[in-house]
Structure formats: C-alpha cells, structure tokens
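The values are calculated or read from the model by the stated rules, or taken from the named source; none is laboratory data. Please read all numbers here as calculations on a predicted model, not as lab measurements. Methodologically, a virtual Cβ is constructed for each residue, glycine included, from the backbone with ideal geometry; neighbour enumeration extends over all protein chains shown. Accessible surface is based on the protein model in full, side chains and every heavy atom, while ligands, DNA and RNA are left aside. Shrake-Rupley method; radii C 1.70, N 1.55, O 1.52, S 1.80 Å.
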Amino acid sequence: MRAMKRIMILISGRGSNMEAILRTAVAEQWPAQIAAVISNKAEAVGLTTAGKAGIAAVAVEHHDYPDRERFDAALAGAIDRFAPDLVVLAGFMRILTPGFVHHYHGRLLNIHPSLLPSFPGLATHRQALEAGVKFHGATVHFVTAELDHGPIVEQAVVPVLEDDTEAVLAARVLAQEHVIYPRAVRDFVEGRIWLDGDRVRRAPHNQ
Ligand code: GRF
C-alpha cells in the first residue's frame with residue numbers, strides 16, 4: 001500500500017474550499033489525510049469547522065509578529081511540525097515571502113477566483129464585471145514568488161451574465177472552485193500531477 005500523504009490547509013476565513021477538500025477526501029477515500037488546518041486569524045469560521053471534523057486547528061496570527069519575515073518563519077514552523085507533503089492555500093489572505101514560497105516549492109497550491117493571468121489581486125469579480133468579460137472563473141496553480149502567478153493546474157470557466165452582481169458572480173465561481181480544487185489536490189496526492197520547472201506535468205490517464 002502507498003503511504004498516506006499529509007495535506008496541510010491554510011485559511012483566513014469561511015473555509016468553504018477547505019470543507020470541499022475534506023468532504024471529497026473522505027468520499028473518494030484519497031490516499032491522504034488532512035494533517036491540520038492553520039489560520040492567520042483565530043476567529044476564522046473555518047477553524048471551528050475543522051476542529052469539529054476532528055482535525056488539528058491552529059491559529060498563527062500575523063499581528064503577533066513584527067514583520068512578514070517573522071510571521072512567515074513562525075507559520076513555516078507551525079506547518080513543518082505536521083510534516084506535510086502538500087500545503088494548500090484555501091482563501092489564505094496573506095502575501096507570502098519569497099523564502100517561504102521557495103521552502104515549499106513544488107508542494108504549495110493556491111486557488112484564485114479568476115481566470116489567471118487575468119485579474120490577479122483582490123476584488124476579482126468586480127474587476128471582471130468592470131472589464132465586461134463574457135467569461136470568468138477560477139484557477140488552481142502552484143505558488144511562485146509572484147503573487148497570483150505560477151504554473152496552472154486547473155481552471156474552470158463560468159459565463160458572466162447581463163444582470164450579474166459581484167455576489168452572484170462570486171457564488172457562480174465559488175461553486176466551480178469547490179469542484180476544481182479537490183480535483184487538483186487529489187491529483188497531487190495520487191502523484192498524477194507534479195511541478196517540472198515552470199510547467200505542470202500530468203501522468204497519462206490510464207496510470
Ligand atoms: C475563494 O473565493 C478563494 O478563491 C478566494 O477567497 C475565497 C475563499 O473562500 N481567494 P473560502 O474561505 O474557501 O470559503
């Protein structure tokens with residue numbers, strides 16, 4: 001039997017992507033376990049959800065540290081105690097230092113609510129509405145030092161409709177996030193995707 005992979009999930013708030021990953025991991029019996037969930041905000045709803053699911057839920061609060069370097073060092077210390085094979089950023093709203101990103105090279109995934117490279121940064125749904133695009137979506141990518149860039153693993157596309165508000169569009173995108181993020185994480189823990197330089201490689205389907 002293959003060794004169980006260890007997944008660490010980092011959140012800042014609601015944690016619906018985290019929940020989608022937890023739910024799918026159990027339903028599909030992945031060869032993996034969620035080792036812990038860490039939030040940079042102690043009050044994050046997702047921490048309570050993780051705790052109720054019997055998962056170690058840890059707060060490492062950024063305002064307890066004088067600068068980004070020291071916060072990232074503390075965060076990496078908290079993560080590495082659980083020796084994860086994969087670190088999943090799921091609505092983790094902090095810019096990470098290049099040193100942190102380098103430390104987890106090839107085993108750090110993020111989801112961003114736009115079709116990258118369009119609309120990096122915040123308020124992606126507003127950006128999409130203002131740009132008048134007809135299609136919008138979400139992207140799962142390996143994290144590199146440049147914010148909201150990095151080799152793309154999965155994307156999902158949704159239509160932008162005439163009367164969409166930010167909230168309506170966000171909900172349409174989020175439903176797709178909950179499909180593509182668990183799929184990307186599963187592919188990683190099953191060894192079917194990996195980072196090779198600046199490209200994502202994928203094992204052939206029948207393997
Ligand atoms: C998601 O839309 C994610 O893409 C974005 O923040 C939101 C987090 O939602 N970066 P949740 O905490 O997973 O519910």
Most positive-pole-ward Cα, His105, Ala3, Ala50, against dipole of the chain from beta carbon charges
Ala3
Please report, in debye to the nearest 20, how large the charge dipole of the chain is about its Cα centre when each Lys and Arg carries +1 at its beta carbon and each Asp and Glu carries -1 there.
680
For region 34-145, what does the accessible surface come to per residue with a 1.4 Å probe? Please give it in Å².
45
Give me, ordered by chain and number, the residues 5 or more places off Lys5 or on other chains with an amide H under 5 Å from its own placed amide H.
Ala32, Gln33
Share of antiparallel DSSP beta bridges in the chain, in percent to the nearest 5?
45
Please sort through the DSSP H helices of the chain and keep those with an alpha-carbon extent of at least 20 Å along the long axis and a Kyte-Doolittle average not below 0.0.
166-189
For region 80-153, the percent of accessible surface on carbon and sulfur atoms (probe 1.4 angstrom, ligands and nucleic acids excluded) is 60
Cross-link reach list, lysines versus Lys41, counting only Cα pairs under 30 Å and skipping chain neighbours closer than eight places:
Lys5, Lys52
For the pair Glu43/Arg192, report the inter-label distance in nm, with labels modelled 7 Å from Cα in the Cβ direction.
4.1
Rounded to the angstrom and largest first, Cα extents along the principal axes for the chain equal 49, 48, 36
Between Leu116 and residues 5 or more places away or on another chain, which pairs have amide H atoms under 5 Å apart, with H built 1.01 Å from N, and which residues are they?
Thr139
Student exercise, region 132-204 dipole from Lys, Arg, Asp, Glu Cβ charges, in Debye to nearest 20
420
Local electrostatic count at Ala76 - Lys and Arg +1, Asp and Glu -1, tallied over other residues with Cβ under 13 Å:
+2
